[in-house]
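The values are calculated or read from the model by the stated rules, or taken from the named source; none is laboratory data. Everything numeric here is computed off the predicted structure, so don't read it as measured data. With ideal geometry, Cβ positions are generated from the backbone for all residues, glycine too; neighbour counts draw on all protein chains shown.
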Amino acid sequence: MKAFSKLSIRTQVLAIGAIFLAVIPLVSIMAFRQSSDVIVGQNTQYNMELVSNLRQRVSDNYAKISGIMINLGYDSTVQDFLAENDKLRTYELSKKVNSLMGVIKSTNPDITDIIIVNAAGKHTTLTGKIGLAHELMGKLDEREVKVRYGGFIHDDPKLVNDSFLFGMNLFASRDTYRYGEKIGFIAVVLDAKSIQSEIEKFPRLSGTSFYLRTNGELAFANAAGLVLNLDEDQLALYSDYGENAVIEKIGGKSYAIQSFALPEINGNILSAVPIGNLIKELEGLKRTSYIMIIVTLALVTIPYIVLMMNILKPLGKLIAFMKRLKSGNLEVLHTKVELEGYAEIEVISTQFNTMLNRINDLTQQLVETTGELYQADIERQRAEMSFLQSQINPHFLSNTLDAIKGIAIVKGNRDIYEMTAALSRMLRYSIKGANEVTLEEELKIISSYITIHQGRFPGRIQFEEYITEELQSVLIPKMIIQPLIENALTHGLEPHASGGKVVIQAELREDRHMEIIVTDNGVGMEPQRLNQLRSALRSKDRAANQHIGIKNVNDRIRLHYGEGYGIEINSWLGSGTVVRLLLPITPA
């Protein structure tokens, strides 16, 4: 988003316009595709419901055939025929069995033949197609008791229509010594039109192709299927697709392919619905949408171009004028820019010209003031030079202190020697070295400073420090603790009649920060005075003249480490003062 915002207004306007022009047709195309998907999905669901009914009818037919075969096969007359060995008796019983089969066929016109064969090879049949029974018998296990689908039979001179074959072993059911023994076989030949007619009855979309397959071969194809004319490889491939529709290109056209299993006949029904027929009604809507898109783009483009001209042209003129200003030609300040466009553009033009006039006036004032400031700066530099010349050279002062130390030794005055040595160390420490020192070095200077005060007030001032060895090497700004000690001695202990004690502690906090604590048991401060000091520490006014030492320390810490660090003060009148200094851990 940042990269886009940095582009020119012209580029942004063109990009937004291009996106807008692309979105309109894209939305229409997506809506058309979504509608197509919905229609295909609805047709898929419709086919699933239709074929579900068909499968139920196939299952019912299978159950009916199974019931006929069981009832007929275990009828007492048929059982006698199957178990009889006498030829004459067998012939007489065959007539009765034929009569039973005739009755069954008359009530079930879809059955084209019934074949019954006994264990001795004697048989009876309605049409004499005994070869079908023998072929199926060879496929059955001797102990198999359930009805077995035998496959699809193409029409021949004796079987006028395509047929389905079903067969079942028959076992003795009489209470004799042969009970449970296989005594024969029964087969039923069912006209394939019993299923084909069911398929033809279903209402469906014009052009939808249906294929009935069993045992891997085509048993039926409707008129549309014959026109589509799928080969065996395609049928085998599409039969594995399942009930969810899969879109396939066949002959240059898209079809929604579905496959529904018919386990009773070891087959499936395959449907191929032409997508073009499904979305035929959408084609008119699609054309209308295209016309509306073209009209919409025309209506949007014209105002868009006008908008661009009224914004971009004045802005281009303003940019060109600003480039002339950037070249440093001051004569441009005396001219005006004339912009035409929307009201906002004219406001920009007026305000810009007003700004030019103001810049011109300020430029004149600046030229006049520059000379005066230059002269004042020269005078200031002269004053600073005089001040520097009047300062004492720190190195000369240090050498002088060393001379005083020598005199003190010669004269045998140990106190003067110690105080002079301490002052000399502090002077060298303040004028030499880096801006950061270790805590150990800073504490040595504090010790020197305390030595000087103890010399001034013998026996009145005590000093203690508690610093762990791991914190000795931490880097801190130079001369950051000495002003706090000086403040404690000057304002806390010197006014105290009996003096007092100053304690320095350094602690390592859990957040890897160091806290330096300076505590004195001096006179302390009144609450009002304490609040004034805290306000001075929070203030960013560098010119504050009260508590300048402790404020400078606080300001140095915040400038060096950030606003999260600095000084915190607590004081109690008559009890003393505690100053806490928070610093980050910076190892040497």
Checklist outcome for this item: Counting only residues that are touching a residue at least 24 places away in the same chain (Cβ under 8 Å) and either touching a Phe, Trp or Tyr at 6+ places or on another chain (Cβ under 9 Å) or closer than 16 Å to residue 185 by Cβ (or both), the range 83-98 contains a total of 5
Checklist outcome for this item: Selection from the range 523-532 of residues of a type outside the set (Asp, Glu) and either touching a residue at least 60 places away in the same chain (Cβ under 8 Å) or surrounded by fewer than 19 Cβ atoms within 10 Å (Cβ to Cβ) (or both) yields 527, 528, 529, 530, 531, 532
Next on the checklist: Pull out all pairs, ordered by first then second residue, where Cβ-Cβ is under 7 Å, the residues are six or more apart or on different chains, the first lies in the range 559-588 and is at negative phi and surrounded by fewer than 15 Cβ atoms within 10 Å (Cβ to Cβ), and the second is among the basic types (Lys, Arg) and assigned to a loop (DSSP other than H, G, I, E, B).
Outcome noted: 585/512
Checklist entry - Pick from 528, 532, 505: which is of a type outside the set (Gly, Ala, Ser) and part of a strand (DSSP E or B)? => result 505
Item to check | Residue under evaluation residue 510, criteria (1) under 19 Å from residue 573 (Cα atoms); (2) assigned to a loop (DSSP other than H, G, I, E, B), criterion not met | outcome: (1)
Checklist entry - What residue, of 133, 120, is in a loop (DSSP other than H, G, I, E, B) and surrounded by 13 or more Cβ atoms within 10 Å (Cβ to Cβ)? => result 120
Item to check | Which listed residue is of a type in the set (Phe, Trp, Tyr), within 29 Å of residue 267 (Cα to Cα) and in the same structural domain as residue 273 (by TED's automatic domain parsing), from 91, 46 | outcome: 46
Checklist entry - Tally time: how many residues in the range 483-522 are of a type in the set (Lys, Arg), closer than 20 Å to residue 586 by Cβ and in contact (Cβ under 8 Å) with a residue 24 or more places away in the chain? => result 1
